[in-house]
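What follows is a short report on a single structure.
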Amino acid sequence: MHGVKISGIGRAVPELELSNDDIAKFIDTSDEWIASRTGIKSRHISTGETTTDLAAKAAQNALEDSGLNAHDIDLVIVATVTPDYTMPSTACSVAQRLGIKNATCFDMAAACSGFIYASEVAVSFIKQGNYENALIIGADVLSKGLDWEDRNTCVLFADGAGAVIYQRTNENKIVKILTASDGEGSDLITLPALSEPNRFNANQNTQKYVYMNGREVYKFATTAVPQNIQDVLVDTGYTPSDIDLFILHQANARIMDSVAKKLDVDNQKFFKNLQNYGNTSAATIPIALVDARAQLKKGDKLIFSGFGAGLTWGSMLVIWD
Ligand code: UT7
């Protein structure tokens, strides 16, 4: 079995920055409500940047960070629920933009857990010897699936992309990954796919935008995530208090504080940057990793943890190299 390490990271967000006060100008909400209920102060929203644009930019930054060349990459997975095209995959378009040739390329839909799910697949593939350098991107432009008159959702979600390159090594740094799902909660967060009536079927899905039952998702996250983190640490020799930094999906600061409390860990060990980006879906964890980098030291033990529509969730234990 081979080892795997992170050899490069990168991120990209659209230029337009929209504060809570900017949003309060066109819907009935306030900076006070959004900041106190979620921790979000501002976010980046596309004025034309596509999922592919952001994914390719984050990927280019990760590639430069790793010192690898485009021709070294042999696997590309884009975790997204907002692809620009159903076919070709976003991964193929990113490969084309970066000049990556002959790589295995596909997209993965696991919503806000997408980065962890894609990481599990890539790391397993590398460990078993099929690939050497995998480019994993979490990218979403959720703003195109938002009802900008629905204050329950449009103040939360935003656009961005984050990329990580996993590289085969002798010394393994990706200790363990554990993902899971519960389809019973599949109606709690939804965004319909293409649904045009055809000649033989006049039925059309009337839902157009993101729907979320926030309260139920909150209950799920604050229960499933601490348990999943405990589970991923089983047999690793570590307990939550040994972890140097927790990088969770950036959906709600209160969720992170609750998870910290349940794990009996100081909430200062939970990295937060959702105040600047909102919830960028599959992109939150790799974007947060880039922002957290300045405070990381070689050998630090990190937990990444994602959760969202499906319901899906997953965590991984990483040793920073
Ligand atoms: O990325 C996928 C994973 N997603 C998540 O993890 C999200 C999990 N859920 C949450 O983070 C929280 O449930 C929310 C932030 C979505 C909502 O916070 P909450 O404390 O659960 O609020 P609520 O839904 O219970 O709503 C409380 C009140 C309601 O008014 P009434 O019915 O009590 O009169 C809402 O209508 O707040 C109202 N409200 C708002 N008010 C001002 C809802 N959205 C807004 C808003 N501005 N934007």
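Pick out the one residue from Phe125, Phe220, Phe200, Phe157 that is free of Cβ contacts under 8 Å to residues at least 24 places away in the same chain and of a type in the set (Phe, Trp, Tyr). Break it down stepwise before answering.
Working: Phe125 fails: free of Cβ contacts under 8 Å to residues at least 24 places away in the same chain; Phe220 fails: free of Cβ contacts under 8 Å to residues at least 24 places away in the same chain; Phe157 fails: free of Cβ contacts under 8 Å to residues at least 24 places away in the same chain.
Every option except Phe200 fails the conditions.
Could you check, for the stretch 27-34, whether at least one of its residues is away from the ligand (no atom under 13 Å from the Cβ) and not in a loop (DSSP other than H, G, I, E, B)?
Quick first cut of the stretch 27-34, residues away from the ligand (no atom under 13 Å from the Cβ) only: none.
No: zero hits.
Are any of the residues in the stretch 11-22 modelled with pLDDT of 95 or more, closer than 27 Å to Lys127 by Cβ and either away from the ligand (no atom under 16 Å from the Cβ) or out of contact with any Pro (no Cβ under 9 Å at 6 or more places or on another chain) (or both)? Let's see the steps before the verdict.
Of all residues in the stretch 11-22, those modelled with pLDDT of 95 or more come to 11-22.
Those still in the list that are closer than 27 Å to Lys127 by Cβ too: 11.
If we keep only those that are either away from the ligand (no atom under 16 Å from the Cβ) or out of contact with any Pro (no Cβ under 9 Å at 6 or more places or on another chain) (or both) too, we end up with 11.
Scanning the stretch 11-22 turns up at least one residue that is modelled with pLDDT of 95 or more, closer than 27 Å to Lys127 by Cβ and either away from the ligand (no atom under 16 Å from the Cβ) or out of contact with any Pro (no Cβ under 9 Å at 6 or more places or on another chain) (or both).
Only one residue in Lys261, Lys298 is without any contact (Cβ under 8 Å) to a residue 12 or more places away in the chain and either of a type in the set (Lys, Arg) or part of a loop (DSSP other than H, G, I, E, B) (or both), so which one is that? If you could, list the steps in order and put the result at the bottom.
Values: Lys298 fails: without any contact (Cβ under 8 Å) to a residue 12 or more places away in the chain.
Unique residue meeting the criteria: Lys261.
In this structure, is Cys105 outside the structural domain of Pro192 (by TED's automatic domain parsing) and in contact with a Cys (Cβ under 7 Å, 6 or more places away or on another chain)? Full working, then the answer.
Values: outside the structural domain of Pro192 (by TED's automatic domain parsing): yes; in contact with a Cys (Cβ under 7 Å, 6 or more places away or on another chain): yes.
Considered against the rule, which asks whether it is outside the structural domain of Pro192 (by TED's automatic domain parsing) and in contact with a Cys (Cβ under 7 Å, 6 or more places away or on another chain), Cys105 comes out as yes.
Taking the stretch 194-215 as the search range and keeping residues that are under 18 Å from Val155 (Cα atoms) and among the charged types (D, E, K, R), which one is nearest to the ligand (Cβ to nearest atom)?
Of the stretch 194-215, the ones under 18 Å from Val155 (Cα atoms) are 208-215.
Checking the rest, the ones that are also among the charged types (D, E, K, R) come to 208, 215.
Values: Lys208: 19, Arg215: 5 Å.
Ranking the qualifying residues of the stretch 194-215, first place goes to Arg215.
Could you look through the stretch 165-193, keep only residues that are among the polar types (S, T, N, Q) and touching a strand residue (DSSP E or B) at 6+ places or on another chain (Cβ under 7 Å), and pick out the one that is nearest to the ligand (Cβ to nearest atom)?
Taking the stretch 165-193 as the starting set, the residues that turn out to be among the polar types (S, T, N, Q) are 167, 169-170, 172, 179, 181, 186, 190.
Then keep just the ones that are touching a strand residue (DSSP E or B) at 6+ places or on another chain (Cβ under 7 Å); that gives 167, 169-170, 172, 179, 181, 190.
Working: Gln167: 29, Thr169: 32, Asn170: 37, Asn172: 30, Thr179: 15, Ser181: 14, Thr190: 11 Å.
If we take residues in the stretch 165-193 being among the polar types (S, T, N, Q) and touching a strand residue (DSSP E or B) at 6+ places or on another chain (Cβ under 7 Å), then Thr190 is nearest to the ligand (Cβ to nearest atom).
Looking for whichever is under 30 Å from Gly185 (Cα atoms) and either within 16 Å of the chain's Cα centre (by Cα) or assigned by TED's automatic domain parsing to the domain that holds Val81 (or both) here; the options are Leu263, Leu274. Which one fits? Break it down stepwise before answering.
Values: Leu263 fails: either within 16 Å of the chain's Cα centre (by Cα) or assigned by TED's automatic domain parsing to the domain that holds Val81 (or both).
Going through Leu263, Leu274 in turn, the sole match is Leu274.
Which residue is surrounded by the fewest Cβ atoms within 10 Å (Cβ to Cβ), if the candidates are limited to the stretch 207-226 and must be out of contact with any Pro (no Cβ under 9 Å at 6 or more places or on another chain) and part of a loop (DSSP other than H, G, I, E, B)?
Filtering the stretch 207-226 for residues that are out of contact with any Pro (no Cβ under 9 Å at 6 or more places or on another chain) and part of a loop (DSSP other than H, G, I, E, B), the one surrounded by the fewest Cβ atoms within 10 Å (Cβ to Cβ) comes out as Asn213.
The values are calculated or read from the model by the stated rules, or taken from the named source; none is laboratory data. In this text the structure is predicted, and so the values were computed from the model without any measurement. Cβ atoms come from the backbone with ideal geometry, glycine included; neighbour counts cover every protein chain shown.
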